[in-house]
Amino acid sequence: MKRKIVFATNNAHKLEEVAAILGEEFEVLGLRAIGCTADIPETSDTFAGNALQKAQYVKEHYGYDCFADDSGLEVDALDGAPGVYSARYSGGGSEENMSKLLYNLTGKSERGAQFRTVIALLIGEEPRYFEGIVRGTIIGERRGEGGFGYDPVFAPKEAGGLSFAQMTAEAKNAISHRGRATKKFAEYLLKEETGK
């Protein structure tokens, strides 16, 4: 019998990624699957705070064990921006966000950046947090058709110059910020579940 757990997201890409990493032990349900259509607020100025807000909302209103993540791109030359504002950096979609980012890096030789994910898990009363970080470089032009968000302009250190958008889902999951945070989270959950 698979254990059901809710991931507080409507992002199909994220659901697929996390379900693949968690494997057969768990049935991961998104917000739509539990009938949640609310626009859950994210008003914290930290990834951990936003993730906890989302998990608490589901736990309080729907009663499910829940986890939520918040993640974003932190660019060294922009003092960590866009950070928690990554998804709404430009006020538009992914294309506009990438355009604004590349514009703001015009003339800057420092291109170091990192993707950071924080997962907040609410099973009992006390939340647990799991963090994943991947370092890399912002490249000057979009490369690749895969991924989402800023993936076409981010080249992780371990990828030999490829952008996240040029990598297979499996290769990306193996080194991505979300993959790393989810791996820690999955190890914890499976240990709790099996007692091993």
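The values are calculated or read from the model by the stated rules, or taken from the named source; none is laboratory data. Predicted model only: the values in this text are computed from it and were never measured. We place every Cβ from the backbone using ideal geometry, glycine too, and count neighbours over all the protein chains shown. These area figures cover heavy atoms from the full protein model, side chains too; ligands, DNA and RNA do not enter into them. Shrake-Rupley method; radii C 1.70, N 1.55, O 1.52, S 1.80 Å.
Things to note:
- Taking every C-alpha pair closer than 8 Å and separated by at least 6 residues, the mean separation divided by the residue count of the range 75-196 gives a relative contact order of 20 percent.
- Available extension along the chain between residue 125 and residue 102 is 4.1 nm, counting 0.36 nm per residue and deducting the alpha carbon span.
- Mean accessible surface per residue for the chain, computed with a 1.4 Å probe while every protein chain stays in place, in Å²: 50
- Look at (1) 16.8, 56; (2) 17.8, 57; (3) 17.0, 53: the one that is Rg and Dmax of the Cα atoms in Å derived from this structure is (1).
- Each label was represented as a point 7 Å from its Cα along the Cα-to-Cβ direction; for residue 44 and residue 25 these points are 2.4 nm apart.
- Per-residue 3J(HN,Hα) values for the range 72-79, derived from phi via the Karplus relation 6.51 cos²θ - 1.76 cosθ + 1.60 with θ = phi - 60°, read x, 9, 10, 9, 4, 5, 10, 6 Hz in sequence order (x marks Gly and Pro).
- Each Lys and Arg Cβ is given +1 and each Asp and Glu Cβ -1; about its Cα centre, the chain then shows a dipole of about 280 debye.
- The spacing between the range 99-130 and the range 153-172, judged by their C-alpha centroids, is 16 Å.
- Pairs from 14/108; 54/157; 14/191 whose Cα-Cα separation, in the structure shown, is over 26 Å: 14/108; 54/157
- Sulfur and carbon atoms: percent of accessible area, the chain [1.4 Å]: 48
- Placing a pseudo-label 7 Å from each Cα along the Cα-to-Cβ vector at residue 191 and residue 32 gives an inter-label distance of 3.5 nm.
- Between the beta carbons of residue 62 and residue 169, assuming R0 = 41 Å, the FRET efficiency works out to 0.90 to the nearest 0.05.
- In a simple Cβ point-charge model (Lys, Arg +1; Asp, Glu -1; nothing else charged), the range 63-113 has a dipole of about 280 debye relative to its Cα centre.
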